[in-house]
Amino acid sequence: MTNVAQEAARLLARFGRRSAAVVRLATLPPICGIALFRAHDEHVVPVAVAVTAAAVWTTGYAWWLSRGRGHLPVALDSAVLLGLAGSVPWFGGVEDGNTGWLRLLVVFMCVTCQWHTPVLAGATAALAAGGGTVVAVGLAGVDADTVYGLLWAPAAAGLSRAVWMLVWRAAEQADLAAAEAARARTASLVAAAVRAEEREFASALHDTAATTLLMVGIGQVPADAGWLPAQAGRDLARLASGQAGGRSHADLVELLRARLDAVPLSVELDAPPSLRLPYGVAAAIADAAGESLTNARKHAGVDRAGVRLRGDEHALRVDVTDRGRGFAPDAVPATRYGLRESVHGRMERAGGTATITSAPGAGTLVRLEWRARAD
């Protein structure tokens, strides 16, 4: 798994260490209370010393669980518990039968160490602490019931490990699913970017060379028109220039003027001196306005049009108007590429909208609107 795909396993590992620390600390006060409560008067002091040593070590061990790495403290944990088991005669555990608290310490150690150690390390620690404590208290002469009770520690460790492995496998499956979802998202984003690039190139081709050739081919423009060579040069330059070319922002007014110069119409531009926008937004608006003027030249039967820009870098509106023959927008076939992709599609991809108002004999208004997204 990659680093990205290991998030669930990483979080589970941290959860295991912290949970082990919490359990060890949470059970420490009642264990210490049991030890002191069960001690006879003559054994209170040695029991208190043993309990204090266990409390100090458990507190330090819990801090390491939440902060440290490695497995040496796990071995030391087993050694400390074995040392306490060996001191049973010293603190009167044999005479008082006061070994229940030690059994609880051992069981919780064997169970919780399975949550933050590899299988071999956890099994070794459980056998060393659990089995070693059984041997130590057995040699000290405690009753058989106590010895049998301590045998539960390694078994409890085995059950804890089995459950933890099931949880760990679930985390691995979650990581695999997350990795697959991330790969699918990446592939989807790449495919969407490729499609957007293809659509934009197709729109640029439609707006430039394809439109010029069509106008010549249907006889709308004479093949010897004086402006054709310059227009063909601009079309080729536009197709060869690509998109932003490394620019993050552009002057919308400057791009509009360049688009107006490429259209064989007399266009009156009403706009502020400049308006800087993100390049993709500025280019989309300028290209949509240019295509609207090209449509006016091809279909409206006019040689004049107007472009009006109002707004700022937060919200703006561009109106492209002509007094030509007009048309019924609802009657335009959905297969007409110019309106669908070069006007509406461009504005939608830039986060804006395009509205076309027209009627036969009433001219046409193309309104391009854009508003910056709130952060």
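The values are calculated or read from the model by the stated rules, or taken from the named source; none is laboratory data. Because the structure is a prediction, the values reported are computed rather than measured. When we count neighbours, we look across all protein chains shown, and the Cβ atoms used for this are built from the backbone with ideal geometry, even at glycine. For accessibility, only protein heavy atoms count, side chains too; no ligands or nucleic acids. Shrake-Rupley method; radii C 1.70, N 1.55, O 1.52, S 1.80 Å.
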- Query: Which whole-Hz couplings ³J(HN,Hα) result when phi for each residue of segment 125-140 is put into the Karplus expression 6.51 cos²θ - 1.76 cosθ + 1.60, θ = phi - 60°, listed in order with x for Gly and Pro?
  - Reply: 5, 5, 5, 5, 6, x, x, x, 5, 4, 5, 5, 6, x, 5, 6
- Item | Efficiency of FRET between Leu127 and Val49 - r from beta-carbon atoms, R0 35 angstrom, step 0.05 | 0.80
- Each residue of segment 150-159 in order: what ³J(HN,Hα) in whole Hz does its phi give by Karplus 6.51 cos²θ - 1.76 cosθ + 1.60, θ = phi - 60°, with x for Gly and Pro? 6, 5, 5, 4, x, 5, 4, 4, x, 5
- Label-reachable residues, segment 106-130, where backbone N falls under 20 Å from a point 7 Å from Arg169's Cα toward its Cβ: 114-123
- Item | Heavy atoms of Asp270 accessible to a 1.4 Å probe, total area in Å² rounded to 10 | 60
- Note on the structure: From most to least accessible, 1.4 Å probe, no ligand or DNA/RNA atoms counted, Ser266, Ser248, Ser358 line up as Ser248, Ser266, Ser358
- Message: Ordering Phe91, Phe37, Phe108, Phe15 by accessible area with a probe of 1.4 Å, largest first, what comes out?
- Response: Phe37, Phe15, Phe108, Phe91
- Item | Sequence of His116, His314 from largest to smallest accessible area, 1.4 Å probe | His314, His116
- Query: Can you give the accessible area of Asp261 in Å² (nearest 10), computed on protein heavy atoms with a 1.4 Å probe?
  - Reply: 110
- Query: Between Leu72 and Leu120, what FRET efficiency follows from the Cβ-Cβ distance if R0 is 22 Å, with the result rounded to 0.05?
  - Reply: 0.90
